[in-house]
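The values are calculated or read from the model by the stated rules, or taken from the named source; none is laboratory data. Since we're looking at a predicted model, the values are computed, not measured. Backbone-built Cβ (ideal geometry, glycine too); neighbour counts: all protein chains shown. Only protein heavy atoms, including side chains, enter the accessible area calculation; ligands, DNA and RNA are left aside. Shrake-Rupley method; radii C 1.70, N 1.55, O 1.52, S 1.80 Å.
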Amino acid sequence: MLKRLEKQRVAVYFVDGNYIQNGTLEEVGDQFILYQDEYEMLYIPISAIRYVSVDTKERDKPRVGFSR
């Protein structure tokens, strides 16, 4: 399943509640994934991942103020 996300910009959420975002899923193995952002390259064990999120569309910013 994760193989389909290779070379895409993703956010990775961990079982302990932390997450990393704005990086690319470079490589997917049987036990580890290789995640890279502009500052670092991380080897992450599959067992530490809760889920992986892919941004498909940029969200519109909410309007501020009141209008009639």
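In segment 6-18, how many residues are closer than 15 Å to Glu40 by Cβ and surrounded by fewer than 13 Cβ atoms within 10 Å (Cβ to Cβ)?
Counting residues in segment 6-18 that are closer than 15 Å to Glu40 by Cβ and surrounded by fewer than 13 Cβ atoms within 10 Å (Cβ to Cβ) gives 1.
Listed here are the residues, each with its yes/no results for (1) open to solvent by 90 Å² or more (accessible area, probe 1.4 Å); (2) assigned to a strand (DSSP E or B); (3) free of Cβ contacts under 8 Å to residues at least 12 places away in the same chain.
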residue: Tyr39; (1), (2), (3): yes, no, yes
residue: Tyr43; (1), (2), (3): yes, yes, yes
residue: Val52; (1), (2), (3): no, yes, no
residue: Pro62; (1), (2), (3): yes, no, yes
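Could you check Tyr35 against (1) open to solvent by 40 Å² or more (accessible area, probe 1.4 Å); (2) of a type in the set (Phe, Trp, Tyr); (3) not in a loop (DSSP other than H, G, I, E, B) and say which number it fails?
Condition not satisfied by Tyr35: (1).
Could you grab the pairs with beta carbons closer than 7 Å, sequence gap of 6+ or different chains, first residue in segment 15-34 and free of Cβ contacts under 8 Å to residues at least 60 places away in the same chain and among the hydroxyl-bearing types (Ser, Thr, Tyr), second one in a loop (DSSP other than H, G, I, E, B) and surrounded by fewer than 15 Cβ atoms within 10 Å (Cβ to Cβ)?
Going by the 7 Å Cβ cut-off, the qualifying pairs are Thr24/Lys7; Thr24/Gln8.
Just to be sure before I move on: is Ser67 modelled with pLDDT of 90 or more, outside any strand (DSSP E or B) and of a type in the set (Gly, Ala, Ser) in the structure I sent?
No; evaluated as a whole, the condition is false for this residue.
Determine, yes or no, whether Lys3 is in contact (Cβ under 8 Å) with a residue 24 or more places away in the chain, open to solvent by 90 Å² or more (accessible area, probe 1.4 Å) and outside any strand (DSSP E or B).
Spelling it out, Lys3 is indeed in contact (Cβ under 8 Å) with a residue 24 or more places away in the chain, open to solvent by 90 Å² or more (accessible area, probe 1.4 Å) and outside any strand (DSSP E or B).
Can you find, within segment 14-40, the residue that is farthest from Lys3 (Cα to Cα) among those that are among the hydroxyl-bearing types (Ser, Thr, Tyr) and within 14 Å of the chain's Cα centre (by Cα)?
Here the residue is Tyr19.
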